[in-house]
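Taking it in order: structure first as structure tokens, then the write-up.
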Amino acid sequence: MLEEKAGGAPDVLTQYNRLSQLGAIENLEALRLENRELDRLVTDAAALVALPSVPMMLDFVIDKVLERFVPTFLAFVIEPPRGNRLSQFCYRNLKPSDEEIPIDCYRRIKSRFLSKPFTERFDTILAETGEYPELEPFSPELVFPMRGIDGLYGIVVLGSKVVGDEYSEVETMYLDRLTRFLAVGIQNGLHHQSSITDAKTGLYNHEFFMRRLAEEQSRSSRNGAQACILMLDVDRFKRFNDSHGHLAGDAALEALASTLKAVMRTGDAVGRFGGEEFCVLALDCDPRGAMDAAERVRRAVESMRFPHDGKDLSITVSVGVRMLDPLIDPKDLLDDADKALYASKSGGRNRCTLFRPGLLGRAALLRAADPKLGRR
């Protein structure tokens with residue numbers, strides 16, 4: 001029964017004091033705080049998983065961390081679904097840093113989290129194993145595992161706060177849950193990237209390149225934008241493999257892919273069509289600009305040197321150029337670019353040829369393919 005004052009009104013203050021003495025008020029405030037954190041987490045998680053790229057996801061998480069505190073060190077170590085190289089994003093006081101967590105250290109932590117897939121304090125890990133002296137310069141305090149459908153593929157290492165005490169239970173819970181959503185988002189991004197890229201070079205695969213080409217054809221049809229296709233082939237690649245071995249051939253293709261990505265603009269699409277054949281979709285260029293782009297690629301590859309087995313090796317490429325035409329099927333455009341590439345090959349290699357439609361264009365290809373015709 002509630003105590004009542006004169007007039008039948010309950011003594012609210014008395015009841016409040018009783019609830020406070022029992023700890024109910026404190027528990028209620030804790031529940032309210034937890035509910036606010038959960039609401040915030042749901043909102044943040046929905047925004048996080050909708051982001052289209054891994055760097056944008058990491059920037060989002062960093063912003064959310066900054067709203068609460070500044071850690072001395074923060075590292076995202078991500079293991080792609082294919083390949084042996086880790087992707088690391090490290091920050092000192094939330095500013096990008098070129099520091100890296102040693103791979104063997106990551107492997108040991110991963111092995112631990114395979115059996116204990118839960119966030120842990122670093123001092124707990126250290127007390128149980130004493131195996132991670134490489135991490136001590138980073139002043140780690142918390143380690144979060146990133147798990148997905150295929151298992152654990154990364155960790156998040158959080159250093160101590162710049163200002164303040166240890167991380168509270170609420171802060172740890174929020175970061176733990178946000179890291180789980182980050183893991184889902186990153187895995188989706190990584191698997192999408194794997195589905196549209198070539199495993200050896202990281203360039204777009206044939207299927208995705210054709211999709212990009214069709215999209216550009218539609219854009220060209222709508223607004224009259226000009227673009228071109230560059231079809232490339234490594235000169236005498238079989239002879240190169242026979243002379244230096246297939247591992248050297250793999251190194252050549254990887255070096256070529258890196259050079260193409262460095263030479264072309266961000267909006268251009270670079271793909272590998274298989275073997276030693278590559279294709280580039282260069283946007284916003286007229287025929288002269290297309291040939292300039294082709295020459296820029298050819299010269300960059302010609303001057304490229306890559307080490308293998310104690311030697312600096314080099315290759316050259318022949319290039320066929322075809323301007324986009326919204327009235328022509330993309331496959332036919334590629335066929336025309338391939339004809340121009342053949343003309344470059346036949347005309348001496350390490351050169352660029354522009355495909356021109358019509359009878360005059362065909363005659364020009366014949367002359368390019370046979371230098372004797374060009375001297376007549």
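The values are calculated or read from the model by the stated rules, or taken from the named source; none is laboratory data. As the structure is a prediction and not an experimental result, all values here were calculated from the model. Note that we place each Cβ from the backbone using ideal geometry, even for glycine, and neighbour counts take in every protein chain shown.
With respect to the conditions (1) modelled with pLDDT under 90; (2) more than 19 Å from the chain's Cα centre (by Cα); (3) surrounded by fewer than 20 Cβ atoms within 10 Å (Cβ to Cβ), Phe122 falls short on a single one, namely (3). For Val61, indicate whether it is without any contact (Cβ under 8 Å) to a residue 40 or more places away in the chain and of a type outside the set (Gly, Ala, Ser). Taking the combined requirement at face value, the residue does not satisfy it.
Scan region 291-301 and tell me whether some residue there is surrounded by 13 or more Cβ atoms within 10 Å (Cβ to Cβ), at pLDDT below 95 and of a type outside the set (Gly, Ala, Ser). No, the conditions are met nowhere in region 291-301. Would you mind stating whether Val280 is in contact with an Asp or Glu (Cβ under 8 Å, 6 or more places away or on another chain), assigned by TED's automatic domain parsing to the domain that holds Arg212 and not in a loop (DSSP other than H, G, I, E, B)? Spelling it out, Val280 is indeed in contact with an Asp or Glu (Cβ under 8 Å, 6 or more places away or on another chain), assigned by TED's automatic domain parsing to the domain that holds Arg212 and not in a loop (DSSP other than H, G, I, E, B).
Screening the candidates Leu256, Leu247, Leu260 for the property of being in a helix (DSSP H, G or I), surrounded by fewer than 18 Cβ atoms within 10 Å (Cβ to Cβ) and not acidic (Asp, Glu) yields one hit, Leu247. Inspect all residues belonging to region 142-157 and state whether any of them is in contact with a Ser or Thr (Cβ under 9 Å, 6 or more places away or on another chain), of a type outside the set (Asp, Glu), exposed (fewer than 14 other Cβ atoms within 10 Å of the Cβ) and farther than 30 Å from Asp284 by Cα. Within region 142-157 (the criterion being in contact with a Ser or Thr (Cβ under 9 Å, 6 or more places away or on another chain), of a type outside the set (Asp, Glu), exposed (fewer than 14 other Cβ atoms within 10 Å of the Cβ) and farther than 30 Å from Asp284 by Cα), the answer is no, since none of the residues qualifies. Between Leu333, Leu341, Leu360, the distinction of being in the same structural domain as Cys228 (by TED's automatic domain parsing), over 19 Å from Arg236 (Cβ atoms) and modelled with pLDDT of 60 or more belongs to Leu333 only. If the condition is being surrounded by 18 or more Cβ atoms within 10 Å (Cβ to Cβ) and farther than 14 Å from Phe278 by Cβ, then region 307-322 contributes Leu313, Arg322.
Here region 230-244 is the region considered, the condition is being part of a helix (DSSP H, G or I) and out of contact with any Asp or Glu (no Cβ under 8 Å at 6 or more places or on another chain), and the residue that is surrounded by the fewest Cβ atoms within 10 Å (Cβ to Cβ) is Arg239.
For region 153-167, a residue qualifies if it is part of a loop (DSSP other than H, G, I, E, B) and touching a strand residue (DSSP E or B) at 6+ places or on another chain (Cβ under 9 Å), and the qualifying residues are Ser160, Val162, Glu166, Tyr167.
Picking from residues in region 158-198 that are among the polar types (S, T, N, Q) and in contact with a helix residue (DSSP H, G or I) (Cβ under 9 Å, 6 or more places away or on another chain), the one that is nearest to Thr72 (Cα to Cα) is Thr179.
Give Pro326, Pro307 a once-over and let me know the one that is outside any helix (DSSP H, G or I) and within 25 Å of Ala199 (Cα to Cα). Answer to the check: Pro307.
Can Asn84 be described as under 30 Å from Phe122 (Cα atoms), of a type outside the set (Val, Ile, Thr) and at pLDDT below 65? Yes: the conditions hold for Asn84. Taken over region 90-119, the criterion of being within 14 Å of Met146 (Cα to Cα) and either in contact (Cβ under 8 Å) with a residue 24 or more places away in the chain or surrounded by 17 or more Cβ atoms within 10 Å (Cβ to Cβ) (or both) is satisfied by Tyr106, Ile109, Lys110, Arg112, Phe113, Leu114, Pro117, Phe118, Thr119.
Among the residues of region 34-60, just one is out of contact with any helix residue (DSSP H, G or I) (no Cβ under 9 Å at 6 or more places or on another chain), closer than 24 Å to Tyr91 by Cα and surrounded by fewer than 12 Cβ atoms within 10 Å (Cβ to Cβ), namely Pro55.
Only one of the numbered conditions (1) in the same structural domain as Asp59 (by TED's automatic domain parsing); (2) under 23 Å from the mean Cα position of the chain (by Cα) is not met by Val162, and that is (2).
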